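Below is one structure, written out as structure tokens; the observations come after it.
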Amino acid sequence: MKVDEAIGRAIARMGAAQIFGIVGSGNFRTTGAMIDEGVPFVSARHEMGAACMADAHARATGRLAVLSVHQGCGLSNALTGIGEAAKSRTPVLVVAGDTPGVTTAATSGLIRTVSSPAWEPSRSGSTHRRPRCATSRGP
């Protein structure tokens, strides 16, 4: 089993209801692995739209939605939607590609600041909200 297949399987087992995003070279295999595990995919025209769709879907259903975006500008384009989902404690999981050795401490800290776990997968596959403040932590 390849890493992307293991990630796709793990996310599907977490109870992911839907994937929203734009596929690029950085997230192609992982997104494909989630689809292969039965998680439906909706392609968006822009990462911000995908983030808002994931947020809305999770709010409407109460289930985990996945946002899958390309590294770099794909991730930064989605930040406002990711921030809204984090602020509202919506169960959205962000999956983004990365370029080994290129991620800077500033980028890493920004993503940690915006995204804070607001849910935990249960054994039944549903999600449970838990209060938590978004804080920046060191690498």
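The values are calculated or read from the model by the stated rules, or taken from the named source; none is laboratory data. On a predicted model such as this, the values are computed, not experimentally measured, just so you know. Heads up, the Cβs are rebuilt from the backbone with ideal geometry, glycines too, and the neighbour counts pull from every protein chain shown.
Summary table
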quantity	calculated
Criterion: more than 13 Å from the chain's Cα centre (by Cα) and closer than 21 Å to Gly83 by Cβ - qualifying residue of Ala56, Ala6, Ala33	Ala56
Glu5 being buried (at least 17 other Cβ atoms within 10 Å of the Cβ) and among the acidic types (Asp, Glu)	no
Unique match (being touching a helix residue (DSSP H, G or I) at 6+ places or on another chain (Cβ under 9 Å) and closer than 21 Å to Ala10 by Cα) among Leu93, Leu75	Leu93
Failed condition for Asp55, given (1) under 11 Å from Pro91 (Cα atoms); (2) surrounded by 18 or more Cβ atoms within 10 Å (Cβ to Cβ); (3) modelled with pLDDT under 95; (4) not small (Gly, Ala, Ser)	(3)
Subset of region 79-97 (residues that are surrounded by fewer than 19 Cβ atoms within 10 Å (Cβ to Cβ) and outside any helix (DSSP H, G or I))	Ser88, Arg89
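Each row is one residue, and each column tells you yes or no for (1) of a type in the set (Gly, Ala, Ser); (2) at pLDDT 95 or above.
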position: Val23; (1), (2): no, no
position: Val39; (1), (2): no, yes
position: Val42; (1), (2): no, yes
position: Ala51; (1), (2): yes, yes
